[in-house]
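Read the structure below first, then the notes.
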Amino acid sequence: MFETFYKLYSTSVKKFFTESCRLIGAYWRNVKTEAVLKKVLQGEKRYK
């Protein structure tokens, strides 16, 4: 009884952890990309 519960619990936690890591990673990539794009756009404005 406890073992099956623990197995279910650990798999769900692992799933949740990997999903949140993936989401956080995607979010960070988006933020970085946005920052880079803003810098590039600002640079272009400056150079024109």
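From the list THR11, THR4, THR33, THR18, which one is on the phi < 0 side of the Ramachandran plot, modelled with pLDDT of 90 or more and exposed (fewer than 10 other Cβ atoms within 10 Å of the Cβ)? The conditions single out THR4. When only residues in the stretch 36-48 that are of a type in the set (D, E, K, R) and surrounded by 10 or more Cβ atoms within 10 Å (Cβ to Cβ) count, which is nearest to the chain's Cα centre (by Cα)? In this case the residue turns out to be LYS38.
The values are calculated or read from the model by the stated rules, or taken from the named source; none is laboratory data. Keep in mind it's a predicted model, so treat the numbers as computed, not measured. Because the Cβ atoms are built from the backbone with ideal geometry, glycine has one as well, and the counts that use them run over all protein chains shown.
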